[in-house]
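Read the structure below first, then the notes.
The values are calculated or read from the model by the stated rules, or taken from the named source; none is laboratory data. Bear in mind that the values here come from a model prediction, so they are computed numbers and not experimental data. Every residue, glycine as well, gets a Cβ built from its backbone with ideal geometry; the counts of neighbours run over all protein chains shown. The area values use the complete protein model at the heavy-atom level, side chains included, leaving out ligands, DNA and RNA. Shrake-Rupley method; radii C 1.70, N 1.55, O 1.52, S 1.80 Å.
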Amino acid sequence: EDFKMNKITSFTINHLKLLPGVYVSRKDKVGDNVLTTFDLRITRPNYEPVMNTAEIHTIEHLGATYLRNNFEWGNKTIYFGPMGCMTGFYLITKELDLNQVTEIVRDVFDQIAKWDQEIPGAKKEECGNYSFMDLNKAKASAKEFVNSKWHHQYHYL
């Protein structure tokens, strides 16, 4: 007998209406914690060009390092990584709401836009594809994202 899979929530969102910004995608209870998944849309899906993989890889290294090293919210950061569609990133946190995360994301991407040091984790022994980075593109995308209008924060829920 054929197995019918249900459509997952993120595929029920009309991607033609998504604009760059920070979105609450889902909330999951894990033990005593509520984990919130935020979608950070960097480019407008299906309208703007997607980011390239070297640029995404660089933002992932910088963003994850910066998030986890922050005294205030480092221990509330569960995951930061790219979307398969290459239009943005997922950020999973505990104990942080949309307003807090919006400010954190602005700060993180502002830091990426200004980055002028070595890319963290970009050595052969630290990463499976260490040389596949594009700091200039990462900085340009981060700067554009920080400067874009985010008046369209949106809850999927």
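Evaluate 2.2 N^0.38 Å with N set to the residue count of region 60-109, then give the Cα radius of gyration divided by it.
On the way: Rg = 10.3 Å, N = 50, 2.2 N^0.38 = 9.7 Å.
Normalised Cα radius of gyration, region 60-109: 1.06.
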### Message
What's the ranking of 129-135, 76-82 by average number of surrounding C-beta atoms within 10 Å, highest first?
### Response
76-82, 129-135
### Summary
In the chain, taking the dipole from +1 charges on Lys and Arg beta carbons and -1 charges on Asp and Glu beta carbons about the Cα centre, the listed residue (130, 104, 5) farthest towards the positive end is 5
### Query
Treating the beta-carbon of each Lys and Arg as +1 and of each Asp and Glu as -1, no other charges, what is the dipole magnitude of region 20-157 about its Cα centre, to the nearest 20 debye?
240 debye
### In order through region 75-85: 3J(HN,Hα) via Karplus (6.51 cos²θ - 1.76 cosθ + 1.60), integer Hz, x for Gly, Pro
7, 9, 8, 9, 7, 9, x, x, 7, x, 6
### Query
Applying the Karplus parametrisation 6.51 cos²θ - 1.76 cosθ + 1.60 with θ = phi - 60° to the phi angles of region 18-25, what ³J(HN,Hα) value in whole Hz is obtained for each residue in order, glycine and proline being reported as x?
6, 10, x, x, 10, 10, 7, 8
### Query
Hey, rough spin-label estimate for residue 107 and residue 7, points 7 angstrom out along Cα→Cβ, what's it come to in nanometres?
3.8 nm
### Query
In degrees, nearest 10, range 0 to 90: what is the angle between the Cα axis of helix 98-114 and the longest Cα principal axis of the chain?
30 degrees
### Query
Which whole-number value in Å² is the accessible area per residue of the chain, probe 1.4 Å?
61 Å²
#### Entry: Acute angle (nearest 10 degrees) that the helix 135-147 long axis makes with the longest principal axis of the chain, alpha-carbon atoms
50 degrees
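If you average the sequence gap of Cα pairs under 8 Å that are 6 or more apart and divide by the length of the chain, what percent do you get for the contact order?
Numbers: 233 pairs, mean separation 45.1, N = 157.
Computed value for the chain: 29 percent relative contact order.
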### Task
Return the long-range amide H neighbours of residue 38 (sequence gap of 5 or more, or a different chain), with a cut-off of under 5 Å between placed amide H atoms.
25, 91, 92, 93
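State which entries of 76/143; 27/137; 4/29; 29/123; 29/124; 7/137 exceed 28 angstrom in Cα-Cα distance in the structure shown. Please report the intermediate quantities before stating the final value.
Values: 76/143 25 Å; 27/137 32 Å; 4/29 26 Å; 29/123 36 Å; 29/124 37 Å; 7/137 34 Å.
Long pairs (Cα-Cα over 28 Å): 27/137; 29/123; 29/124; 7/137.
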